[in-house]
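Here the structure comes first, spelled out in structure tokens, and everything after it is commentary.
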Amino acid sequence: MKLLTREQSGILIASASGRIDHIASEAFGNALEALIADCQPGKPPLLLDFSGVEYISSAGLRVLMIASRHAKAQQGVFAITSLQPLVQEVFAISRFNLIIPCYLNIEAACKVLGK
């Protein structure tokens with residue numbers, strides 16, 4: 001899985017798409033790991049755009065949990081935006097929205113995270 005990246009308002013936005021299940025979670029984790037390594041003070045905040053993600057399994061949530069822990073350990077800023085209804089429901093049920101900041105859309109995230 002490739003995460004397409006771009007910068008907006010001083011934020012590194014990485015767009016994911018498709019299904020993040022047990023099959024895709026390893027590739028997703030590998031792609032995210034490289035971005036999380038740069039998620040530290042003095043570097044742009046990392047915002048995952050999930051507008052193209054239609055499903056996430058517990059394996060995908062595990063990848064996000066590990067990424068969140070690494071970002072926090074490095075004192076970096078890591079957040080997610082634009083959750084689709086099914087993914088938003090999974091986040092709410094698992095209370096993941098309390099672990100990783102989630103924003104309604106990119107514009108809302110940029111207002112909070114941007115410089």
Taking the full set of protein chains and a 1.4 angstrom probe, give the accessible area of THR5 in square angstrom, rounded to the nearest 10. 80 Å²
Candidate aspartates and glutamates for bridging to LYS43, where Cα separation is under 20 Å - those fewer than 8 sequence places away on the same chain excluded: GLU7, GLU33, GLU107
Under a 1.4 angstrom probe, counting protein chains only, how are SER57, SER51 ranked by accessible area, largest first? SER51, SER57
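Using 0.36 nm per residue of separation minus the Cα-Cα distance, give me the extension gain between GLN84 and ASP21 in nm, one decimal. Before the final figure, lay out each step's value.
Values: separation 63, 0.36 × 63 = 22.68 nm, distance 1.53 nm.
Result: 21.2 nm gained on full extension.
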Compute the normalised compactness of the chain: alpha-carbon radius of gyration over 2.2 N^0.38 Å, N being the residue count. 0.95
Which residues does the label zone of ARG95 cover in segment 57-71, counting backbone N under 20 Å from a point 7 Å along Cα→Cβ? 57-70
Skip the ligands, DNA and RNA, and give the accessible area per residue of the chain with a 1.4 Å probe, whole Å². 55 Å²
Net charge of Cβ neighbours under 14 Å - reference GLU26; Lys, Arg +1; Asp, Glu -1: +1
Could you check how much of the accessible area of the chain is carbon and sulfur, as a whole percent, using a 1.4 Å probe? 53 percent
What angle, in degrees between 0 and 90 and rounded to the nearest 10, separates the Cα long axis of helix 85-94 from the longest principal axis of the Cα atoms of the chain? 90 degrees
Of all DSSP beta bridges in the chain, what percent run antiparallel (nearest 5)? 25 percent
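The values are calculated or read from the model by the stated rules, or taken from the named source; none is laboratory data. Since the structure is predicted, the reported quantities are computational estimates derived from the model, not experimental observations. Methodologically, a virtual Cβ is constructed for each residue, glycine included, from the backbone with ideal geometry; neighbour enumeration extends over all protein chains shown. Accessible surface areas use protein heavy atoms only, side chains included; no ligands, DNA or RNA. Shrake-Rupley method; radii C 1.70, N 1.55, O 1.52, S 1.80 Å.
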